[in-house]
Every structure is written in C-alpha cells, then in structure tokens.
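Notes follow once the structure below has been shown.
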Amino acid sequence: MKKILVVVFVGLLAGCATASTFKDWRGHTLDELKLSWGPPDSGTSLSDGRRVFNYYGGGNCVIRVTVGQRGRVDDVRPLNSSACPPAGYRLYATSPPSS
C-alpha cells in the first residue's frame, strides 16, 4: 500500500512540475520556443491576430501554444492532460532560456 501511495505522489509531483514548466514559457518569443521544441506540427492564425500552434506528443497528447500579436507566448497547455502523462511530453517540458 505504501509503495502505491509513493508512486501516485511522485506522479502528481511530476505533473505539477511539467505544468509549471509550461507556464514558464509565457512572455518568451515564439522563436525561442521553436529553437527549444522544434517546429510545431500544425498551426493557424486567429481573426484577432493571435496564432495557435499544436505540438503532438504521441498518442492523443496535444500541447497547444498561443502566441500574441507581438510574437510572445501567451499560453502553453496540454489539451487533453489525461492523454499526456509527464513521460509522454517530456520532449516539450523543457524550460525556457534564462533571461
């Protein structure tokens, strides 16, 4: 029973760390993100000038990046977090470059 609780707790911590890493990208440029993650798998422009890009982390894991009109990252989040376990999007859980 203790082993199961430890595994669950470690899994929750890993998920929190990854979510925090995604939030750390806010305010960085799209070019910085692309240099770290590579080119997005798909993307589109919105009528208000923002752009939305998707990175596919395998299976049904989709990481969505929203970029504002000035080319800075506004938001990064997994669209279906249950399909994106921390190990599934480790490639995209890199921290932004330090300022």
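The values are calculated or read from the model by the stated rules, or taken from the named source; none is laboratory data. This structure is a prediction, so every number in the text was calculated from the model and none was measured. We place every Cβ from the backbone using ideal geometry, glycine too, and count neighbours over all the protein chains shown.
ASP41 versus (1) in contact with a Lys or Arg (Cβ under 8 Å, 6 or more places away or on another chain); (2) at pLDDT 90 or above: which is the lone unmet condition?
The failed condition is (1).
Only one of (1) surrounded by 11 or more Cβ atoms within 10 Å (Cβ to Cβ); (2) modelled with pLDDT under 95; (3) not basic (Lys, Arg) fails for PHE9. Which number is that?
Evaluating PHE9 over (1) surrounded by 11 or more Cβ atoms within 10 Å (Cβ to Cβ); (2) modelled with pLDDT under 95; (3) not basic (Lys, Arg) leaves (1) as the failure.
Please enumerate the residues belonging to region 69-99 that are part of a helix (DSSP H, G or I) and modelled with pLDDT under 70.
PRO86, ALA87, GLY88, TYR89, ARG90, LEU91, TYR92
Within region 67-86, which residues are within 14 Å of PHE22 (Cα to Cα) and among the hydrophobic types (A, V, I, L, M, F, W, C)?
The answer is VAL67, VAL73, VAL76, LEU79, CYS84.
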